[in-house]
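Beneath this line is the structure, given in structure tokens, with notes to follow.
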Amino acid sequence: MKKLLGVLLAIAMSWPAGATVLSNVEVKGEIQTIASDVNHNKAAAAADRYNNGVSNRVLAGLSADLVEDVTANLLFQYADVWGENANNTGKTVQNYWNQVRLVNANVTLHNLFCAFDVTVGRQFYGDEDSTVMYIGPNHYNAEFAGYANSIDAAKLVYADDVKTFTMIAGTIIDANAQRYDGMPADLKYNLFGADFKLHLSDGFVAQVYGYDTTAKGAAAPIPAGLDEADKHFGIYGAKVGMNGEAVRASAEYARNFGGKRLIKEHKDTGYMVKADLAADINAITARGTFLYAKQGFQAFGNYTPGLLVGHLLGGNGIWDYSNEGIRLFNLGFDMKAAEKWVFALDGYLFEARTGHATSYEADLTAKYNHNEYVQLFAGIGYVRYAKTQNYTGFDRLNMDSKDNVKGQLGMLIKF
């Protein structure tokens, strides 16, 4: 890092005055700070899977046009936890530089062959609310508030008023990954995929996608139904959505595959069905979600419903609630109480796919939009866990308490 900054500084100081190097330079980034505390009704503190304390993540960088139809992007990130330094005396500048990570470093070629945009290098990918595929920073989640993942890849995009086609090929290094036994895993895998969206009239969108991964490194977890000799593992699916003036709805079906060859069904193949519905009634939005996933369904998304159970289940992409899958029901209401205030009330039911081992969660959250760049948010959640706790899912998540209460405060600044 010191060498990189030194080179950039030397170039900037030695370049002739008045010479034009970059154009359309844009500084970008964000600062997210989240404080959370969880009351645990249990004696074993070592079994605590929820964070307590304050975490902070800073993303900062710039984008600029190098030459015509070529844009360069650089983005650095820094993450820490308050009070981690002994005696609160801080660290040396070198110590802080050692915690800075390069999360985006790419160039985008625009209008290639008069039709395509191609991004080559380290980048983010996907939609943050996706259940199946997202690589990038998350928000409002105190359990995963550390470094954001990225992918070293080449991405090709073709888009017009009706359709958007995306292909990507690259390698992901998941520094935050954990194995099924809870130990850290230096998870590294290649990713190949394609996504096609068709934008029709009246807000109707149809989408199909498919992604294949090949794991690299012995630490990578082995999905259910596969063994170490199986090379491929992935996911494919389809989604339809309608976005009207007052009503929005979507339905999605996704399915895993895996084996020694590409797109092969394997034993205990996992699948997922998800449906969402929302309706605006004056200043109130009523919404509901249903998710059904079979045992072993594994994805790469960022759908983390609620403040408690969903953050642990969804954050690692393994929707396995009690060693057989999950049924999730959510009913919520958003209310815009004033120009800058939005309140949300949510109820969740998490249960095993066949209906036993049911837990209930209720959350109340608030967001204050100070302006278009600054937002403050807060939330309180309560979960009542299922009485039956003899399932792998509970053991993996260490849900050995009767209930949990969680409070959360945060600040998000985007620039």
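Under the condition of being farther than 28 Å from residue 102 by Cβ and not aliphatic (A, V, I, L, M), which residue from the range 152-163 is surrounded by the fewest Cβ atoms within 10 Å (Cβ to Cβ)?
The first filter runs over the range 152-163 and keeps only residues farther than 28 Å from residue 102 by Cβ, leaving 158, 160-163.
Subset that is not aliphatic (A, V, I, L, M): 158, 160-161, 163.
On the way: 158: 15, 160: 9, 161: 6, 163: 13.
Selected residue: 161.
Within the range 321-329, is there a residue that is of a type in the set (S, T, N, Q), under 23 Å from the mean Cα position of the chain (by Cα), open to solvent by less than 20 Å² (accessible area, probe 1.4 Å) and at pLDDT 95 or above? Within the range 321-329, none of the residues are of a type in the set (S, T, N, Q), under 23 Å from the mean Cα position of the chain (by Cα), open to solvent by less than 20 Å² (accessible area, probe 1.4 Å) and at pLDDT 95 or above.
With the requirement that a residue be closer than 26 Å to residue 84 by Cα and either among the aliphatic types (A, V, I, L, M) or not in a loop (DSSP other than H, G, I, E, B) (or both), what does the range 100-149 give you?
Taking the range 100-149 first, the residues closer than 26 Å to residue 84 by Cα are 100-103, 136-149.
Hits for the range 100-149 are 100, 101, 102, 103, 142, 143, 144, 145, 148.
Candidates in the range 330-360 are the residues that are at pLDDT below 90 and open to solvent by less than 20 Å² (accessible area, probe 1.4 Å); of these, the one that is farthest from residue 129 (Cα to Cα) is 357.
If I ask for residues that are modelled with pLDDT of 55 or more, open to solvent by 50 Å² or more (accessible area, probe 1.4 Å) and either closer than 30 Å to residue 163 by Cα or among the aromatic types (Phe, Trp, Tyr) (or both), which ones from the range 179-194 would you list?
Filtering the range 179-194 for residues modelled with pLDDT of 55 or more gives 186-194.
Cutting the leftovers down to open to solvent by 50 Å² or more (accessible area, probe 1.4 Å) gives us 186, 188, 192.
Selection gives 192 alone.
If you go through the range 100-144 and pick out every residue that is open to solvent by less than 30 Å² (accessible area, probe 1.4 Å) and under 19 Å from residue 300 (Cβ atoms), you end up with 16.
Scanning the range 335-344 for residues that are over 22 Å from the mean Cα position of the chain (by Cα) and in a strand (DSSP E or B) yields 335, 341, 342, 343. Only one entry in 216, 197, 239, 231 is under 13 Å from residue 132 (Cβ atoms) and either modelled with pLDDT under 70 or open to solvent by 30 Å² or more (accessible area, probe 1.4 Å) (or both), namely 239. Condition (residue is open to solvent by 10 Å² or more (accessible area, probe 1.4 Å), within 24 Å of residue 39 (Cβ to Cβ) and modelled with pLDDT under 85) applied to the range 373-386: is it met by at least one residue? Scanning the range 373-386, I find at least one residue that is open to solvent by 10 Å² or more (accessible area, probe 1.4 Å), within 24 Å of residue 39 (Cβ to Cβ) and modelled with pLDDT under 85, so the answer is yes. Residues of the range 272-314 that are open to solvent by 30 Å² or more (accessible area, probe 1.4 Å), at pLDDT below 90 and of a type outside the set (S, T, N, Q): 294, 300, 303. When the range 245-271 is filtered for residues that are surrounded by fewer than 13 Cβ atoms within 10 Å (Cβ to Cβ), over 23 Å from residue 193 (Cα atoms) and either in contact (Cβ under 8 Å) with a residue 40 or more places away in the chain or not hydrophobic (A, V, I, L, M, F, W, C) (or both), only 245 remains.
The values are calculated or read from the model by the stated rules, or taken from the named source; none is laboratory data. Given the structure is predicted, the values throughout are model-derived calculations rather than measurements. Here the Cβ is made from the backbone with ideal geometry for all residues, glycine too, and neighbour counts use every protein chain on show. The accessibility values were calculated without ligands, DNA or RNA, using every heavy atom of the protein model including side chains. Shrake-Rupley method; radii C 1.70, N 1.55, O 1.52, S 1.80 Å.
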